[in-house]
Amino acid sequence: MFKIKSKPRESASVGTHNAVCTQLVDLGTHEDQKFGTKRRELMITFEIEERNSHGQRFTISSFYSHSMHPKSKLRQHIEGWKGGMSDRDAYNYDLERLSCVGAFLNIQETESGRRKVSSISPLPQSMETLKPEGEVFCFSIDEYPENSEIFEELSDFAKEKIESSEEFIK
């Protein structure tokens with residue numbers, strides 16, 4: 001029997017964090033195994049003020065169905081962050097406007113020990129918006145391959161997810 005040795009992965013601390021939105025990535029349309037439906041997926045990534053042992057800021061990503069339905073997690077997080085909005089405003093909301101915008105994240109630990117964004121709110125007035133230190137970009141599968149240089153900057157996970165989407169396979 002083989003044992004795989006791996007270093008424990010560093011994670012941001014649980015609690016509230018000053019953060020800035022650095023990436024909005026359209027992951028394309030995927031089959032939802034749990035519900036047997038198809039849904040468009042979105043990943044929003046934040047840099048937080050806390051640093052890892054190498055002196056780099058931690059990043060954390062949150063995954064959403066690309067839906068602004070009043071009960072959707074995406075809509076709830078954006079309304080918590082940017083304030084309430086009408087259905088009409090929500091459906092017309094340009095997500096790219098979130099790029100480089102400061103936020104106050106509440107990060108919690110899941111049962112499996114991973115970290116997740118449980119809520120997003122505006123930064124308190126006394127806090128300054130972080131200046132991003134890493135790459136800042138928005139990626140839409142609908143603009144691929146014209147935006148292939150952005151695609152190449154994505155994490156391996158995001159690239160694999162996009163490559164398995166209906167839009168990429170077409």
Set GLY84, GLY55: member being out of contact with any strand residue (DSSP E or B) (no Cβ under 7 Å at 6 or more places or on another chain) and closer than 22 Å to SER11 by Cβ: GLY55
Check on PHE104, at pLDDT 95 or above, out of contact with any Lys or Arg (no Cβ under 6 Å at 6 or more places or on another chain) and under 12 Å from ALA19 (Cβ atoms): yes
Residue match in the stretch 41-57 (condition: under 18 Å from GLU135 (Cβ atoms), outside any strand (DSSP E or B) and open to solvent by 90 Å² or more (accessible area, probe 1.4 Å)): yes
All strands (runs of 3 or more DSSP E) inside the stretch 76-170 with 2 or more residues being of a type in the set (A, V, I, L, M) and surrounded by 13 or more Cβ atoms within 10 Å (Cβ to Cβ): 102-109, 115-121
Where MET85 falls short, out of the listed (1) touching a residue at least 12 places away in the same chain (Cβ under 8 Å); (2) in contact with a helix residue (DSSP H, G or I) (Cβ under 8 Å, 6 or more places away or on another chain): (1)
Enumeration of residues in the stretch 58-75 that are open to solvent by 60 Å² or more (accessible area, probe 1.4 Å), basic (Lys, Arg) and under 16 Å from ILE120 (Cβ atoms): LYS73
Hey, LEU27 in contact (Cβ under 8 Å) with a residue 40 or more places away in the chain, open to solvent by less than 70 Å² (accessible area, probe 1.4 Å) and closer than 30 Å to GLU149 by Cβ or not: yes
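The values are calculated or read from the model by the stated rules, or taken from the named source; none is laboratory data. In this text, all values refer to a predicted model and were calculated from it rather than measured experimentally. Positions of Cβ are backbone-derived with ideal geometry, glycine not excepted, and every protein chain shown enters the neighbour counts. To get the accessible areas, we keep the full protein, side chains included, count just its heavy atoms, and leave off ligands, DNA and RNA. Shrake-Rupley method; radii C 1.70, N 1.55, O 1.52, S 1.80 Å.
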